[in-house]
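J.: One structure coming up, written as structure tokens, with questions to follow.
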Amino acid sequence: MAEETLTFQAEVSRLLHIVANSLYSEKEIFLRELVSNASDACDRLRYLVLTDPKLTEDDPEFRITLSIDKKGRSLTIADNGIGMDREDLVENLGTIARSGTQAFVDQLTGDSSKDVALIGQFGVGFYSAFIVGDRVDVTSRKAGGEQAWTWASDGSGKFSIAEAERDSRGTSVTVHLKKSEREFLEPDRLRHIVKTYSDHIPIPIRLDGEDDKLNAAAALWTLPRKDVSKSQYKEFYHHVGHAFDDPWLTIHARAEGKIEYTLLLFVPSVRPFDLFHPERRHRVKLYVKRVFITDDYEGLVPPYLRFLRGVIDSEDLLLNVSRELLQTSPVLTRIKSAVIRRVLTELKKKAEKEPEEFAKFWENFGAVIKEGIYEDPDQRENLLKIARLRSTASGDELISLDNYVERMKDGQEAIYYISGESLEGLRRSPQLEGFVARGVEVLLLTDAVDEFWVPAVQQYADKSFTSVTQGAADLDKLPLQDGDAAEGDGEGPSDSQTATLIALLKQTLGDAVKDVRTSERLTDSAVCLVADEHDLDMHLARMLKQQGQLSELAPRVLEINPKHGLIKSLAQRATEKGASDALEDAAHLLLDQARIAEGEPLPDSAAFSRRLADAMMKSIAGTT
Ligand code: ADP
């Protein structure tokens, strides 16, 4: 077949442009990425060989070879791994057929330090060859196949595919180096890069014509902990995690006994860009007796620990376990719960001993851990122990639920919380006033998932979670903290005046409110909205409406503060003649004002403007 020219997927083109033009800072990582791919290709073939030994009969030793062509100014990275046929080449090196591609490309900024990290995370590894190369050829022959193919591109929108010769299976990636990149033709430079970035790759890497390996070529997780340095852990983390940051936590452990396995897991110190992708997939690789099996077995790590990177190597599974059989393997179910326990124990230790370090973890991954509180009842207690939250009393610090419970006031029955979009917004909520005035701490919850775990948990330390924006406030048993707040306002309106005002407001507002009542939770503001105790929490309802899962918000309860000057005057006016006409605008303004405090759009903003203008006119007329 003659050579054929094909076009890159649009995202790849954009990516290549950024890769080729703005990633200068850590150029040598291209070699790490290509070696990593070569090693993965060997891993994948080794897995196939479990069921089809013929595939490697002619050439059973896996290896990676680097060849330098000084005259031709090119560097070739060759492996005898699984190889690719024509279709694989087009698919793997012409598209990014992965979920979240668009979102990923959209996040690229052109700021190379940020983009390098992103690109690593997304695993566009192969394309990094274009950082140093102005042309890349890939000649590959699939294990078990006869025909070889060459893929070639200069990275500018198109690539070609043509039939080729290759003696045996595997892939050779030839990078035609830009003039400025001659350093990658120096054997010493290559030795150093391999040692730095790929030492632990369990496949021997050699320079063409030399016998000595450039790397240690031992699977790092099989070594005793004392023999592994911090920088080796980091290097391995960068390899398995496609990462560039330092691991925040490294867990390296071996379990012996009923089930035997080794794990080497890392918690990143930077939040991966796809952490909140709806697929919620983890990135932990499963090995059996040092043979890579899959990085796509969902049941290995629960979604709420999906930030973990690393490997789990089981001694108990049969080597020829098929990926389908994994689903029902009791061994894996046990490994999974053991892994969860181990990780949570480590996290708890950090939380107790190094709270400041733990706070960094929590800022990155707290929202993900909270999914576990909701989804994994077995671990709920443990997860609640490490959960960190902010409150009206916590300032910028994070507190635990135990901290909260210890600080509860005498007579306080519930753990109070309020949920919303932002801390600043929540701190300004009128519904908090009565709690703050009584020194009662209220948790400020700003993650969407809070709307799910709190109702699922219901209680902590025998205290119920109670939203301050829902139902009655039950604050009458708790004394106000400083006497002034109560005194300063003097007498409120009489009960009958207040009752008349409430009746009038109900009549005027009709179905727009569920009820109107006096408030215990207000001290400074005149009005606020709360949800009826049988309805959804207001923030949850707003979230669901935004996502189109709820067509209308249920009417809320309007609470009024009889000690507020405005309400006082209105209550007095309410008992006078002609009040219902005079107070009609005021009723609507009160409700709209409460909506604005909630950050909600007004159903009729034109009417609001008109009423407000009228009210201002009257007040100006009154003062002149
Ligand atoms: P990633 O390695 O993260 O999947 P890459 O862009 O580096 O992303 O590679 C894309 C795909 O191309 C790989 O998933 C793999 O299927 C294929 N590939 C790359 N290099 C090789 C190789 N040396 N041998 C076989 N397949 C390869």
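The values are calculated or read from the model by the stated rules, or taken from the named source; none is laboratory data. Everything quoted here is computed from the prediction, not taken from an experiment. Every residue, glycine as well, gets a Cβ built from its backbone with ideal geometry; the counts of neighbours run over all protein chains shown. Keep in mind that these areas ignore ligands, DNA and RNA; they rest on the heavy atoms of the full protein, side chains included. Shrake-Rupley method; radii C 1.70, N 1.55, O 1.52, S 1.80 Å.
J.: Given (1) open to solvent by less than 50 Å² (accessible area, probe 1.4 Å); (2) more than 11 Å from the ligand (Cβ to nearest atom); (3) assigned to a loop (DSSP other than H, G, I, E, B), identify the lone condition not met by Met84.
T.: (2)
J.: If you don't mind, another one. Kindly evaluate Ile18 against the criterion of being away from the ligand (no atom under 14 Å from the Cβ), assigned to a helix (DSSP H, G or I) and assigned by TED's automatic domain parsing to the domain that holds Thr139.
T.: yes
J.: Checking the structure you have, find out if any residue of region 439-447 is part of a loop (DSSP other than H, G, I, E, B), open to solvent by 40 Å² or more (accessible area, probe 1.4 Å) and of a type in the set (Val, Ile, Thr).
T.: yes
J.: Quick one: is Thr171 within 16 Å of the ligand (Cβ to nearest atom) and crowded, with 18+ Cβ neighbours inside 10 Å?
T.: yes
J.: Here is a follow-up. State the number of residues belonging to region 572-619 that are touching a residue at least 40 places away in the same chain (Cβ under 8 Å), of a type in the set (S, T, N, Q) and within 19 Å of Ala512 (Cβ to Cβ).
T.: Looking only at that region, the number is 2.
Results for (1) basic (Lys, Arg); (2) without any contact (Cβ under 8 Å) to a residue 60 or more places away in the chain, shown as yes or no for each residue.
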position	(1), (2)
Ala456	no, no
Pro479	no, yes
Asp495	no, yes
Arg542	yes, yes
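J.: When region 267-310 is examined, which residues are found to be surrounded by 21 or more Cβ atoms within 10 Å (Cβ to Cβ), aliphatic (A, V, I, L, M) and over 19 Å from Thr328 (Cβ atoms)?
T.: Val267, Val284, Leu305, Leu308
J.: Sticking with this structure for a sec: Step by step: first the residues of region 384-403, then only those that are in a helix (DSSP H, G or I) and without any contact (Cβ under 8 Å) to a residue 40 or more places away in the chain, then the one that is most open to solvent (accessible area, probe 1.4 Å). Which residue is that?
T.: Filtering region 384-403 for residues that are in a helix (DSSP H, G or I) and without any contact (Cβ under 8 Å) to a residue 40 or more places away in the chain, the one most open to solvent (accessible area, probe 1.4 Å) comes out as Lys385.
J.: Further question on the same structure: Does region 323-332 hold any residues that are surrounded by 13 or more Cβ atoms within 10 Å (Cβ to Cβ) and of a type outside the set (A, V, I, L, M), and which are they?
T.: Hit for region 323-332 is Ser329, nothing else.
J.: Which ones in region 42-64 are of a type outside the set (D, E, K, R), open to solvent by 10 Å² or more (accessible area, probe 1.4 Å), in a helix (DSSP H, G or I) and out of contact with any helix residue (DSSP H, G or I) (no Cβ under 7 Å at 6 or more places or on another chain)?
T.: Tyr47, Pro53
J.: If you don't mind, another one. Check whether at least one residue in region 368-377 is in contact with a Lys or Arg (Cβ under 8 Å, 6 or more places away or on another chain), buried (at least 17 other Cβ atoms within 10 Å of the Cβ), farther than 26 Å from Leu308 by Cβ and not assigned by TED's automatic domain parsing to the domain that holds Gln593, and report yes or no.
T.: no
J.: Here is a follow-up. How many of the residues in region 333-346 are surrounded by 19 or more Cβ atoms within 10 Å (Cβ to Cβ) and free of Cβ contacts under 8 Å to residues at least 40 places away in the same chain?
T.: Of the residues in region 333-346, 1 are surrounded by 19 or more Cβ atoms within 10 Å (Cβ to Cβ) and free of Cβ contacts under 8 Å to residues at least 40 places away in the same chain.
J.: Which of the following residues is buried (at least 23 other Cβ atoms within 10 Å of the Cβ), modelled with pLDDT of 95 or more and farther than 23 Å from Lys285 by Cβ: Ala148, Ala162, Ala129, Ala152?
T.: After ruling out the rest, the residue left standing is Ala148.
J.: Could I ask something else about it? Does Ala103 fit the bill of being part of a helix (DSSP H, G or I), buried (at least 17 other Cβ atoms within 10 Å of the Cβ), more than 12 Å from the ligand (Cβ to nearest atom) and at pLDDT below 90?
T.: Criteria not met by Ala103.
J.: Among the residues of region 357-389, how many are aliphatic (A, V, I, L, M) and within 12 Å of Leu344 (Cβ to Cβ)?
T.: Total meeting the criteria: 6.
J.: Next question, about the same structure. Do we have Glu552 as open to solvent by 50 Å² or more (accessible area, probe 1.4 Å), out of contact with any strand residue (DSSP E or B) (no Cβ under 8 Å at 6 or more places or on another chain) and under 27 Å from Trp453 (Cβ atoms) here?
T.: Yes, satisfied.
J.: Say whether the condition of being in a loop (DSSP other than H, G, I, E, B), β-branched (Val, Ile, Thr) and modelled with pLDDT of 85 or more is met by at least one residue in region 455-468.
T.: yes
J.: Please find, among Gly411, Gly425, Gly395, Gly366, the residue that is over 24 Å from His539 (Cα atoms) and among the small types (Gly, Ala, Ser).
T.: Going through Gly411, Gly425, Gly395, Gly366 in turn, the sole match is Gly411.
J.: Pairs needed: first member in region 38-54, in the same structural domain as His200 (by TED's automatic domain parsing); second member anywhere, in a helix (DSSP H, G or I) and buried (at least 24 other Cβ atoms within 10 Å of the Cβ); C-beta distance under 9 Å; at least 6 residues apart or different chains.
T.: Ser39/Ser198
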